[in-house]
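Shown next, in structure tokens, is the structure this report addresses.
Throughout, read-outs are computed from the coordinates displayed, never taken from laboratory work. Everything quoted here is computed from the prediction, not taken from an experiment. Cβ coordinates were reconstructed from backbone atoms using ideal geometry, including for glycine residues, and neighbour counts include every protein chain displayed.
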Amino acid sequence: MDVTKIGLVGYGEVGQALAEGLLSNRQLSVEVFDIRFNNDKTPDSLATKAKTTGLILGNDIDSLVKNNELIISAVTCEQALQVAERVSENLAKGKIFVDMNTVAPRVKIEIDRLTGKKGGTFIEIAILGTIASYGFKSPMLACGKHAQNFVRFFNELGFKITFLSDEIGQASKMKMLRSVFAKGVESLLFEMLVAAEKYKMLEPVMNAVAEHMDKSSFLNIAQTWITTNVVHAKRRAEEMDHVIQTLEDINVQPIMSTATRDRLQKCARINLFEHVGPELPTDYRSVIKSMVKLNYT
């Protein structure tokens, strides 16, 4: 990929990490624009911080697109489509637009459509790791017909990007589905630990869960949960009724626990064991495929 001028829209946590990686190559010119640049004129402003790192300060999105060959959007999910619409107005043939925002696959597909209106090229990126922990070396996935060249170029700068598919939307699907688990577990932890603190059992409860999770690999634990659920979904749903009562007794709203109970009840109603028996399955894949065939949603 023959690129020397890169424009960056957004200078928040992600934008700052990306800038650090890009500036490691002194051959690159990196221009950045953030809407907050125009609203803060204090000596320690975001614009001042950007300038001191060696970035060129852009005046607006339009000039940023005109001045650079490759444009990266690292804004918020609410702003992603709006920024793409603005970028597409000046994205001529030969220019590349990269969206790194966490949005639904359908939004990435719409951005791809916008990007191509005047001949521009679109590359989809999904950031899988935590920027706070890994910075610009967070693991990422890339999609798009020209994404492989982009991946090679950025990985030479120290990024950790894996090409996934020519098809736009695939990286976002992966990100969204991982978030079902990651954000769900985060919410479960809050619900459990707030209740544990109210019962004056915070550390013992956390230690008990950690001990259980540390005994085996996550894949083995997940395999056990899913395969045994075939037989025990009804009993587990009934147990969750008592969990809900336990939380309500101390005025902790059982949002996640109620949803868990409801999911387990749905599992019980489809009588999964009749379809995967006569023996308990040993592979989570066979269970999930059976659930899909039975229209479990």
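Points to keep in mind about this one:
- Each semi-axis of the equivalent ellipsoid for region 5-168 is √(5λ) with λ an eigenvalue of the Cα gyration tensor; in descending order they amount to 23, 18, 15 Å.
- In this simple spin-label model, placing a label point 7 Å from the Cα along the Cα-to-Cβ direction at both Asn155 and His232 gives a separation of 4.2 nm.
- Rounded tilt (10° steps) of 170-198 against the dominant C-alpha axis of the chain: 50 degrees
- Note on region 85-222: along the principal axes its Cα atoms extend 62, 29, 25 Å, ordered by decreasing extent.
- Extents of region 174-293, taken as max minus min of Cα coordinates on every principal axis and listed largest first, are 44, 28, 27 Å.
- Kirkwood analysis of the Cα pair distances in the chain returns a hydrodynamic radius of 22.2 Å.
- Simple spin-label estimate for Ser63 and Ile250 gives 5.7 nm between the two label positions (7 Å along the Cα-to-Cβ direction from each Cα).
- Cut-off 13 Å between beta-carbons: net charge of the residues surrounding Ala195, Lys and Arg +1, Asp and Glu -1: -2
- Unit charges at the beta carbon, dipole of the chain: most positive-side option, Leu219, Asn149, Ala50: Asn149
- Rounded tilt (10° steps) of 13-22 against the dominant C-alpha axis of the chain: 50 degrees
- Only lysine pairs 8 or more places apart or on separate chains count here, and in region 174-293 those with Cα atoms under 21 Å apart total 6.
- Rounded to the nearest 10 degrees, the angle from helix 218-248 to the longest Cα principal axis of the chain is 70 degrees.
- Which of Gly184, Asn207, Asn251, positive extreme of dipole for region 161-258 (C-beta unit charges): Gly184
- Local net charge near Glu89, Cβ-Cβ under 11 Å (Lys/Arg +1, Asp/Glu -1): +2
- Across region 105-141, the residues whose backbone nitrogen lies under 12 Å from the label position 7 Å along the beta-carbon direction of Met176 are 105-110.
- Charge dipole (debye, nearest 20) of the chain; +1 at Cβ of Lys and Arg, -1 at Cβ of Asp and Glu: 720 debye
- Within the chain, antiparallel bridges make up roughly 15 percent of the DSSP beta bridges whose residues both belong there.
- Over region 205-297, Cα pairs under 8 Å with separation of 6+ residues give a relative contact order of 34 percent.
- Ranked packing of 61-72, 156-167, most packed first, by mean Cβ within 10 Å: 61-72, 156-167
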